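To start, the structure under review is shown below, and the notes come after it.
The values are calculated or read from the model by the stated rules, or taken from the named source; none is laboratory data. All values derive from a computational prediction rather than experimental measurement. Because the Cβ atoms are built from the backbone with ideal geometry, glycine has one as well, and the counts that use them run over all protein chains shown. For accessibility, only protein heavy atoms count, side chains too; no ligands or nucleic acids. Shrake-Rupley method; radii C 1.70, N 1.55, O 1.52, S 1.80 Å.
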Amino acid sequence: MNFLNILNEIEKVDGEIYERISPRRAAMKDFFSFGKKVAAASVPLAVGTMFKKAYGQTASPAIINALNIGLAIEHFSAAFYTRGFSEAAFGSGSTAAADKAAIGIIRDHELGHVKFLQDTIKAAGGTPVGVGSYDYTGNKEFSEPFKNFRSFLQIAQGLEDTGLRATKGVAGDLLGSPYLSAALGMHAVEARHSTKIRLMRISRGQSGTLQPWISLNDETDGRLGQGAYAGEENVQQAGNTITGINGNSAVDSARASEAFDEPITVAALRTVLGQFKVNI
Amino acid sequence: MKNIIQEDQDTAQQTERISSSTLPRRSFLQFAGASAVGVALMAAGCSKDKDYVGPTDPIVPGEDKVNLGSGDTGLLNFAYALEQLEAAFYTKVVESPWSGINATEKEYLIDIQLHEIAHRELLRNVLGDGKIGNLAFDFSKVNFADRSSVLEAAKEMEDIGVAAYNGVAPLLKSKDFLTVAAKIVSVEARHAAYIRETIKPNDFTAGVVGSNGQEQPLKPADVLSRVKKYITTEINASNLPTA
C-alpha cells in the first residue's frame, strides 16, 4: 500500500486534499512521522478514518441545513408528482397523453433529486429529513388538485419556481463546497420544469398573461399560495438598474424582471410551503 | 463589487508589461526569476480576489483576439462573451424573422433577445474597465429564413449557456457574483426549455439530465470549442481558474 501515491493521485483531482485532511500541511508531516511508529497492519484503519473525516464529516451545519431544505422541497415535489401522475385529471386525447408523459418525466427527476440529496446528506454526516404529511390544497387555497388539473398545474408551477428560488437562497452557503455544482445542476432542471408547466398552462388556456418565464411578481393565478413570487419584480442587480440599462429602452421593467430569477429567503419559504405542511 | 474589478487593474497593468508578447518565453522566465522578490511583494499585496492577470485592454489592437483574464474577472468575462453571442444571435433572429413566424413566437423571441441584452449589459457594467471588448460574430452557418435552422441553433446555444454558467459558478470566489450567475442561469434554462418545446413537445430536458436529475456542467474550454463556429474573435481562456 503506497499511501503517498494515493494522496498524490487524489491531489490530481482534488487540489485541496491536504487542506481537507488537516487545515495545516504541518499536521500531515506529524502524521507521517507518527505513521513510522505504528504497525503496518493498523495503517489502513488510520487512513480510512482520515479519509472519512476529510470527505464524510466536514460538511458544516449550514451546508447540511441547506441540503435538507432542498430535500424537504424535493420530498414534497416527488410525492406531489407521483400522486399526480396516477391520479391527476389529465383529460383525454393526445394533449392529455403528452401532458401525462411530461409529468412522468418531471416526477422521475424529482425522485432522482430525493435520492441524491439523501445519499449526499448521509455521506456528509448529516441526517436527511423525512417525507411529511402534506396538505395538497395549500390550506384550502386550491381545491382538489388531483381532480382539478388547473389547480394541479398551478401548484406545480409555483412549486418549481419556489424550489429554484430556494436554491438561489442557499447557494451562497454552498460556495466553495463540492455540493454547489450538484445544487446548480438540479436548479437548472427545476427551471426547465417550470417553463414546461407554464407552456402546458398556456396551451390549455389557463392564463392569458402567463409567460414561459417569471414576469414581474407573476401574480397571474400561478402562485403557490400567497407570497411565492414576492420579490420577483426586482429590477436592481449588483447595483445596476436593469430597466433601460445602458440606453436599451426596450428592456422595460417586465423584461428586466424576467431576465433574472430571484432568491427567496428561508423565512419566506417556510411561509409559502408551510401552507402545504412542508416542514422547512 | 465594482471596486474589486477596479483594484484589479493595478495588478493587471503590471502583469501586462510582464506578459507583453515582445518578451520571449526564456527571457520571461529569467526576468521572472530575477524579479521574484518583486513578484512576491506584489502577490503579498493582493488578496485572493485581486489576481487578475489579463491585459488591461483585452482587445489587442489590430489583432482580433481577446484574453479573458483570470480569477472572477476572467469568469465574468467568459459569461460576458457568451451573453454577447446570444444577444447578437437573437438580435439577428428578431431583425430577420423566418417567413410565417407566428405572433407568439415573435413575442417570445423578442423577450429572449432583451433578456440576453440585459445580461450582457449588466456583466459589462459589473466588469467595468476589466471587460473584454466587443466580439465579432459569424452566423453564416445559420439560415435565418428557416425556422428549424434558427431554433436548432438557439437550442444549442441555450443548452451550452446553462452548462457554461453551471461550470463557472462553482469557480467564483465572490458570493455576490455567484448570486448574479445563479439568477441568470435559471433564465437561460427557461429559454432552453421554451426553444426545445417549440421544436418538439416534451423535449424540455431530453439528453441533458442524468439519472440523478442534474444537468451536467461544461468547462469553459469545452464551451468555447462548441461556440467557436460563431465567434471569429480568438478567445484566450488560458488564465481562467480551473478549480
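What is the local net charge at A:Lys168, summed over the other residues whose Cβ is closer than 9 Å to its Cβ (Lys, Arg +1; Asp, Glu -1)?
0
Among the listed pairs B:Lys200/B:Lys229; B:Lys106/B:Lys155; B:Lys65/B:Lys228, which have their C-alpha atoms separated by more than 19 angstrom in this model?
From the list (B:Lys200/B:Lys229; B:Lys106/B:Lys155; B:Lys65/B:Lys228), the Cα-Cα distance tops 19 Å for B:Lys200/B:Lys229.
Considering only protein heavy atoms and a 1.4 Å probe, what is the carbon-and-sulfur percentage of the accessible area of the range A:89-217?
51 percent
Grab the other residues whose beta carbon is less than 13 angstrom from that of B:Arg226, score K and R as +1, D and E as -1, and report the net.
+1
With a 1.4 Å probe on protein heavy atoms only, work out how much accessible surface B and A bury together, total over both chains, in Å² to the nearest 100.
Buried: approximately 4400 Å² between A and B.
May I ask for the net charge around A:Ile242, where only other residues with Cβ less than 9 Å from the Cβ of A:Ile242 are counted and Lys, Arg are +1 while Asp, Glu are -1?
Within the 9 Å Cβ shell, the charges total 0.
Enumerate lysine pairs in the range A:96-245 that are 8 or more residues apart or on different chains, then count those whose Cα atoms are under 21 Å apart.
5
Under 5 Å between amide H atoms, partner at least 5 residues away or on a different chain: which partners does B:Phe137 have, H built in plane at 1.01 Å?
Correct list: B:Thr232.
Over the range A:60-280, average the accessible area per residue using a 1.4 Å probe and give it in Å², no decimals.
Here the residues of the range A:60-280 average 35 Å² of exposed surface.
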